[in-house]
1. Considering each residue of region 86-107, count those that are touching a Lys or Arg at 6+ places or on another chain (Cβ under 9 Å), surrounded by fewer than 16 Cβ atoms within 10 Å (Cβ to Cβ) and assigned to a strand (DSSP E or B), and give that number.
2. Among D54, D140, which is of a type in the set (D, E, K, R) and at pLDDT 90 or above?
3. Looking at I128, is it β-branched (V, I, T), in a strand (DSSP E or B), in contact (Cβ under 8 Å) with a residue 12 or more places away in the chain and under 24 Å from P9 (Cα atoms)?
4. Need the failing condition index for V52 against (1) in a loop (DSSP other than H, G, I, E, B); (2) surrounded by 12 or more Cβ atoms within 10 Å (Cβ to Cβ); (3) in contact with a Ser or Thr (Cβ under 7 Å, 6 or more places away or on another chain); (4) not charged (D, E, K, R), just the number.
5. In region 24-39, which residues are within 16 Å of P61 (Cβ to Cβ) and not aliphatic (A, V, I, L, M)?
6. Identify all residues within region 55-76 that are touching a residue at least 40 places away in the same chain (Cβ under 8 Å), part of a strand (DSSP E or B) and surrounded by 20 or more Cβ atoms within 10 Å (Cβ to Cβ); write none if there are none.
7. Can you give me the number of residues within region 37-47 that are surrounded by fewer than 20 Cβ atoms within 10 Å (Cβ to Cβ) and either part of a loop (DSSP other than H, G, I, E, B) or touching a Lys or Arg at 6+ places or on another chain (Cβ under 8 Å) (or both)?
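The values are calculated or read from the model by the stated rules, or taken from the named source; none is laboratory data. In this text, all values refer to a predicted model and were calculated from it rather than measured experimentally. Virtual Cβ from ideal backbone geometry, glycine too; neighbours counted across all protein chains shown.
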Amino acid sequence: MRNVRQSVPQVQLVTFRVGGEEFGLDVFAVHEILRHTEVTAVPKAPPFVEGVLDVRGALVPVVDLRKRFEVADTSLGDETRIVLVEFQGERLGLIVDSVTEVLRVPETAILPAPKYVKGLAAEFIRGIVRLEGRLIVLVDMDRILSSDERIALLEADMASGGGADEGVQAQVPAGAVADAGSEGGGDGGDGEGGAAAGAPKAKGRTAKG
């Protein structure tokens, strides 16, 4: 009788760094990766909300994850990125120190978040990926903002003249993010391929530099 090998389900993650730690988001929650560009400040926004970013005519709120995670160093550099993600049916921008790669991991490598974990972003952890000596913290997007913070963000967005980002077109499928670094004609912050400007390729094809 022929032995049938069952394949292990894989999960594809976009990994990034904040404050020296490595984090991950499900690739299907990520729309675009943009080079950092100036955002417009809005009144009455929470301290960790940098403002709004005009993305093809739609105003997208931008959260600085360094401030959200209470990281001391929030300086900007050449590797700083804005990750546009799906949040409560809207677009949300996340400022991170760098985007490292698109990574495929087996579901068996994802462990529940330990209850005793404290410190950096502990309350935002969905799970931990242990893979080849690396520990990647999976971010729970539903916990990035509390109910009160969501209301404050909505009020700030309305005060800035924003609203639902219906004007944003061309959602980025997983393949588009995985093929980051390929040439494109989008307006990703600085005109370098809006789908994932400056983002590396999938594991095994990680961009250098």
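1. Qualifying residue count, region 86-107: 1.
2. On the way: D140 fails: at pLDDT 90 or above.
Every option except D54 fails the conditions.
3. Details: β-branched (V, I, T): yes; in a strand (DSSP E or B): yes; in contact (Cβ under 8 Å) with a residue 12 or more places away in the chain: yes; under 24 Å from P9 (Cα atoms): yes.
Considered against the rule, which asks whether it is β-branched (V, I, T), in a strand (DSSP E or B), in contact (Cβ under 8 Å) with a residue 12 or more places away in the chain and under 24 Å from P9 (Cα atoms), I128 comes out as yes.
4. Condition not satisfied by V52: (1).
5. Hits for region 24-39 are H31, E32, H36, T37, E38.
6. Across region 55-76, the qualifying residues are V55, L59, V60, P61, V63.
7. As a first pass, look at region 37-47 and keep what is surrounded by fewer than 20 Cβ atoms within 10 Å (Cβ to Cβ): 37-38, 40-41, 43-44, 46-47.
Then drop every residue that is not either part of a loop (DSSP other than H, G, I, E, B) or touching a Lys or Arg at 6+ places or on another chain (Cβ under 8 Å) (or both), which leaves 37-38, 41, 43-44, 46-47.
Residues that pass the stated criteria total 7.
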